[in-house]
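Read the structure below first, then the notes.
The values are calculated or read from the model by the stated rules, or taken from the named source; none is laboratory data. All values derive from a computational prediction rather than experimental measurement. Cβ: placed from backbone, ideal geometry, glycine included. Neighbour counts: every protein chain shown.
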Amino acid sequence: MRVICILMLLMLAGCQPKLDDLEAFVAEVEQQTQVNIEPYPEFSKTPAFVYEAQQKRSPFQRPRGQVAELVQTQKANCLQPDFSRTKQPLERYGTDALSIKGFFTRNNKTWAMIQANDGSLHRASVGDRLGLFFGRITEISNGKVSITEMLPDGTGCWQEKQATLTMSSKAGENDNV
């Protein structure tokens, strides 16, 4: 038993690292390593901008005069949404934030149950409005809701666009036709 203990002590003593060798290696590496640090780049100062257009029209206000009249004449001859009507609850959400949860028929009228991304549930039928772009439900059939939206074309006119919401589409995934 004593022999085994002595052998184990000798083996453990042989496993001790030689700290002198390690310290010598670290000192040698530190002496041979050259440190090269790039100097910070020199930045030139840009002159301060002085705003001198206080007396001019703000770019956030509508222009007055001939330009405004030109825009009004362009709008008169093309498709326009009805800005004066009262908005319906589903017009607070984009079509990508709406999903269909189901359909039901009552008194021979088909309704769609539409859920908004905030969790609110709404019922809608043909003719109801939804979406941010003056959308109108044109058809409810075969598990889908067909919508006609009006998008601005940049010249003061509006173009109609067809979109479809289906039962499989979730909020954020509407199927455009």
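Which of the residues spanning the range 52-90 are at pLDDT 85 or above and among the hydroxyl-bearing types (S, T, Y)?
Listed by number, the residues that qualify are S84, T86.
Restricting attention to the range 107-135, which residues are within 23 Å of the chain's Cα centre (by Cα) and among the aromatic types (F, W, Y)?
Of everything in the range 107-135, those that are within 23 Å of the chain's Cα centre (by Cα) and among the aromatic types (F, W, Y) turn out to be F133, F134.
From the list G154, G172, pick out the single residue that is at pLDDT below 90, assigned to a loop (DSSP other than H, G, I, E, B), out of contact with any strand residue (DSSP E or B) (no Cβ under 8 Å at 6 or more places or on another chain) and within 16 Å of Q80 (Cα to Cα).
Sole residue among the options that is at pLDDT below 90, assigned to a loop (DSSP other than H, G, I, E, B), out of contact with any strand residue (DSSP E or B) (no Cβ under 8 Å at 6 or more places or on another chain) and within 16 Å of Q80 (Cα to Cα): G154.
Mind listing whichever residues of the range 120-151 are modelled with pLDDT of 90 or more and at positive phi?
G127, G131, F134
Could you please let me know if M167 is surrounded by 13 or more Cβ atoms within 10 Å (Cβ to Cβ) and modelled with pLDDT under 90?
It is true that M167 is surrounded by 13 or more Cβ atoms within 10 Å (Cβ to Cβ) and modelled with pLDDT under 90.
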